[in-house]
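One structure is given here, and the rest of the page talks about it.
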Amino acid sequence: MESGTARLRTDTAEAPPVSVSKLGFHVVTTPDVAAIAEHYERGLRLVRSGEEDGTVYLTTGGDHHSVAIRKGDPHGRAGLGFEVHGSLAETGERLRAAGVGFEHRTDPEPGIAAGLVIAEFESGTPITLYEAQESSGEGSVVGVRPAKLGHIASYVEDLAAGHEFYLGVLGFRWADTIGDFFSFLRCNADHHAVNMMTSTKRAGLHHVAYEMRDFMHLKEMLDHLATRDIRMAWGPGRHGVGHNIFTYHADPDGNFIELFTELDVIADDETGVLEPRPWHEEWPQGPKFWSPAPGAANKWGWINPDFLEH
Ligand SMILES: [Fe+2]
């Protein structure tokens, strides 16, 4: 284990934490709501599921919304929504036991009946915890539209505090860490739903990621984006950590959006061992501290330095 990694907690709390089951939505604020909404609707082909008080809601198909876009300073990670196992009452009890304050809101978002809103460690970003979203009724196997919202990555100052918050309070499990600066955390069978990279220069969003059904689905999307003169900032490549095939492009505000497929799947929730894949480095492959060698970021080719700043 490298120096610094010993500070990172890799287990959950002794007292039962909140049990987050899914990343449900993210909030983007922007001076130009129409431009960002256009990118999600006409570029990524999400479906507009609502508009309320100037906020535009779009979905990948299952949930009422995957992204909310509202007027404000440019911020690609202005809020998050996580679905939880169990009731909000139980979730509230667990937050109280962890000493985390929250606000109970009725109808916090369209399609969500009730939520508990907490402040994220360090950033104070509002996080809405809720039981379920109403269905959009759109279905999800349509054209180039992504299958689902996958994960959200951010810059943080204190990675150990991030582990404390997401593992100790919200019940995430540790998936992997590159060096002592880039951690990947999971809340279901997907390898990661939240990842955090330390930075002394940047804050907020690193990237938000949407899942494509397979490589051909991703290819169709890239051809579609090319018709709109949207070009990739990085990729296609295959990450080492998570082993997803990735591409990254920027929205009109410069927020990076990843489109990915073939993300690792957890085979054993207890140990975090992954379903075996031919491109794995180890069998079985499980949670570990990765050397920050180029292959951890891209097994296929070059590294974009913008994605490794810390
Ligand atoms: Fe990612």
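The values are calculated or read from the model by the stated rules, or taken from the named source; none is laboratory data. None of the values given here were measured: they were computed from a predicted structure. Every residue, glycine among them, receives a Cβ derived from its backbone with ideal geometry; neighbour counts consider all protein chains shown. Keep in mind that these areas ignore ligands, DNA and RNA; they rest on the heavy atoms of the full protein, side chains included. Shrake-Rupley method; radii C 1.70, N 1.55, O 1.52, S 1.80 Å.
Couple of notes before you dig in:
- Within segment 172-230, the set of residues being within 16 Å of the ligand (Cβ to nearest atom) and aromatic (Phe, Trp, Tyr) comprises 172, 181, 182, 184, 210.
- Of all the residues in segment 248-297, those that are of a type outside the set (Asp, Glu), over 19 Å from the mean Cα position of the chain (by Cα) and assigned to a loop (DSSP other than H, G, I, E, B) number 17.
- Filtered residue count, segment 192-246, keeping only those that are hydroxyl-bearing (Ser, Thr, Tyr), modelled with pLDDT of 95 or more and not in a strand (DSSP E or B): 1
- Qualifying residue in segment 159-169 (condition: open to solvent by less than 20 Å² (accessible area, probe 1.4 Å), touching a residue at least 60 places away in the same chain (Cβ under 8 Å), in the same structural domain as residue 210 (by TED's automatic domain parsing) and in a loop (DSSP other than H, G, I, E, B)): no
- Residues within segment 137-158 that are free of Cβ contacts under 8 Å to residues at least 60 places away in the same chain and of a type in the set (D, E, K, R), tallied: 2
- On inspection, residue 120 qualifies as open to solvent by less than 30 Å² (accessible area, probe 1.4 Å), outside the structural domain of residue 241 (by TED's automatic domain parsing) and either in contact with a strand residue (DSSP E or B) (Cβ under 6 Å, 6 or more places away or on another chain) or within 24 Å of residue 225 (Cβ to Cβ) (or both).
- Only residues that are open to solvent by 70 Å² or more (accessible area, probe 1.4 Å) and in contact with a Phe, Trp or Tyr (Cβ under 7 Å, 6 or more places away or on another chain) were counted in segment 273-298, giving 1.
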